[in-house]
1. Taking only the Cα atoms of chain A, how large is their convex hull per residue, in Å³?
2. Given points 7 Å out from each Cα along the Cα-Cβ axis, report the residue A:269 to residue B:244 separation in nanometres with one decimal.
3. Dipole of the protein assembly as shown, Cα-centred, from +1 at each Lys and Arg C-beta and -1 at each Asp and Glu C-beta, to the nearest 20 debye?
4. If you take every residue apart from residue A:212 with its C-beta less than 13 Å away from the C-beta of residue A:212, what net charge results, scoring Lys and Arg +1 and Asp and Glu -1?
5. Structure shown: which of A:280/B:178; A:46/B:180; B:180/B:202; B:174/B:264; B:144/B:202; B:100/B:174 lie over 25 Å apart, alpha-carbon to alpha-carbon?
6. What fraction of the Cα pairs in segment B:28-81, stated in percent, has a spacing above 19 angstrom?
7. Within a 10 angstrom radius of each residue's Cβ in B:290-296, how many Cβ atoms of other chains show up on average? Whole number is fine.
8. For residue A:79, go through the lysines and keep the ones whose alpha-carbon is under 20 Å away, minus same-chain ones fewer than eight residues off.
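The values are calculated or read from the model by the stated rules, or taken from the named source; none is laboratory data. Since we're looking at a predicted model, the values are computed, not measured. No Cβ is skipped: glycine too gets one built from the backbone with ideal geometry, and neighbour counts run over all protein chains shown. When the accessible area is computed, the model is the full protein with side chains, heavy atoms only, and any ligands, DNA or RNA have been set aside. Shrake-Rupley method; radii C 1.70, N 1.55, O 1.52, S 1.80 Å.
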Amino acid sequence: MSTQPNLMVIENTIPVDHDQLLTELGRDQALDMLATMCLIRAFEEKAEDLFARGMVHGTMHLSIGQEAVAVGATRAMQKGDYLLNHHRGHGHCLAWGSDVNLMMAEFLGKETGYCRGRGGSMHIANVEANNLGANGIVGGGIPISVGVGLSIKMRRTHQVCLTIFGDGAANEGAFHESLNMASIWDLPVVYLCENNQYAMSMPMTKAFNIERISQRACAYGIPGITVDGNDVLAVYAAVRQAAERARSGQGPTLVEAVTYRWRGHSKSDRQAYRTREEVKAWQQRDPIRRFAGLLGLSEQELAVYISEAQRKVEAAVAFAQASPEPDVSTILEGVYA
Amino acid sequence: MREITYVEAIREALAQKMAEDPTVFLIGEDIGIYGGAFGATAGLIEQFGEERVIDTPISEAGIAGACIGAALTGMRPVGEIQFMDFVTLSMEQLVLQAAKIRFMFGGKAKVPFVLRMPGGSGTGAAAQHSESLENWFVHVPGLKVVMPSTPYDAKGLLIAAIEDDNPVIFVEHKLLYKVKGPVPEEMYRIPLGQSHIVREGKDLTIVATSVMVQRALQAAEQLQAEGIEVEIIDPRTLRPLDDVPIIRSVKKTGRALVVHEAVKMGGFGGEIVARIVESEAFDYLEAPVRRLAGLDIPIPYNRTLEYHAVPQVENIVEEARKLVKGVY
Ligand SMILES: Cc1ncc(C[n+]2csc(CCOP(=O)(O)OP(=O)(O)O)c2C)c(N)n1
Ligand SMILES: [Mg+2]
């Protein structure tokens, strides 16, 4: 275990001009991004609360502290693009524009949920919105992105596939096979590694012998970008650049957004592998407060966004709780088309 | 005798073998300071150090390969796959390498390692964290497959598995980890390939594996009250399979029910049924031999659906009753 709190400075490897980006986005969209970050935070806090009260059967992986990655990345995509994400995926799913009610219903295993209560927290998908689902298998979505990219290319639809995975996933063999295939065929895929610096108890520093996961891009002959993952605009800029490259037929990019997981890995994690000080120090870099500050919002103005988000989440809980359980008579349904 | 939990029994077996044999080491994801996802290796890194309790990146093919290579060259690794589901990522190394090396090399090499993994549903972990894949391995000559149902068996079988000169797939169950039972403090071995008669009875033979042994025992208690006496056999090792006590039992009872959690089609139950009907027990059968197993679906997330996806005590009671009463 590292005794030194990990307080690394994350240097962007592409220029990130906040003023320029804010001008391009416009104030309304920027505020909407902040609202989405607040919605994710509120959803995760509620999920944690429901879990603590014994109302959730299963596990969950919270993305509190990582909201900038989900929001920055998804805003850089266009309508009709595809999303593949991972187990810590509530944020990506919400930022993709999913209905918070249907997400909460899925989290609580209800028939009205996105996956009729069959999938749960780790498997939320919304195929109608080209959200091809979260994944319970670390790295499980990465090879699928090759097929999605191939299909886009064959169908000539100019869509892009955003594939989000963790630092841990980059050490599965599938990562290597997939990035290489995407590269040799110039597939329109954005590989976004949401590096929260730990894979469960494994610190990134022990699992890799390189400084930056984006360095791996050179092994595949594609661009690699690292950005501060707690800066929503930096993530936006990086993913936008990668998406433009993909859409114009030049192939994939590996984007690494460095962030930090505030909570334990999942439901039962004593977090013996890191210090309290380290967690506290990273909490000082709260992506929500940071963005609110950049937008010049006061505490009171931010509070309005937070309470609006909480209101939506409460309504979602009410919706989910009023929803029916799946009927046992339907248990055999849905295995085959 | 002292009572400890199934997971404690596993930990004790690991610690005792490591203390005794310097070639034994542990390798897997989050098995060090985290102590393993289910706590099986808690405290072992403190006791044996990082050199013998090795945390890996998330690389299941690599873990399997590391076990094989180290085993080929004089070590006795015990690997951990965090959930049995993820062993699908290790399959090539296990099935095409570990299982075949000795044979392909004309018997001139050995690959002594154990790969531990928890299978099964019941924790709300959904379709990709609840698999029961033991029969995939049963189908592969060269592998051994062990599936303990009690703390006592877990310790004795794990020690025997580590001492075995072959690759052993050691299938634990998430719901059993907290189950307590009597376990001797000293080291002992339960030979691989020995079925165990868990309970004697004259009316029906139930062959059950893993958590289903516990459920069959509860069912047997209820059936006893109705005057039905159930004999329960736990194969404990699925490959090699000791079918002698099973066949003997069916000759006595004339009826057999196989219960496992894995999906029925292509499951281990088919093998047991075949062994019975291919044997002299066939002539003693008074009823069809039946299987009670997981439904033909992935494990659902919803708690109620998950419950109904695999055999429960009441299903065993009902099925046993039908067989004994002759109404199917
Ligand atoms: C193939 C596979 N191996 C192991 C696991 C267990 N597991 C789930 S999440 C996780 C850590 C993942 O780390 P990372 O990819 O960095 O994502 P994070 O959890 O940090 O968001 C592990 C080991 C799994 N789900 N799938
Ligand atoms: Mg991580």
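1. On the way: hull volume 45.5 nm³, N = 337.
Convex hull of Cα atoms, per residue: 135 Å³.
2. Between residue A:269 and residue B:244, the label points sit 5.0 nm apart.
3. Values: 64 positive and 81 negative charges, 134 e Å.
Here the size comes out at about 640 debye.
4. Details: positive: A:216; negative: A:11, A:167, A:211, A:228, A:256.
Computed value for this residue: -4.
5. Details: A:280/B:178 34 Å; A:46/B:180 35 Å; B:180/B:202 28 Å; B:174/B:264 20 Å; B:144/B:202 31 Å; B:100/B:174 30 Å.
From A:280/B:178; A:46/B:180; B:180/B:202; B:174/B:264; B:144/B:202; B:100/B:174, over 25 Å: A:280/B:178; A:46/B:180; B:180/B:202; B:144/B:202; B:100/B:174.
6. On the way: 341 of 1431 pairs.
Everything past 19 Å amounts to 24 percent.
7. Values: counts 0, 0, 0, 0, 0, 3, 3.
What the average comes to for B:290-296 is 1.
8. Cα-Cα hits under 20 Å: A:153.
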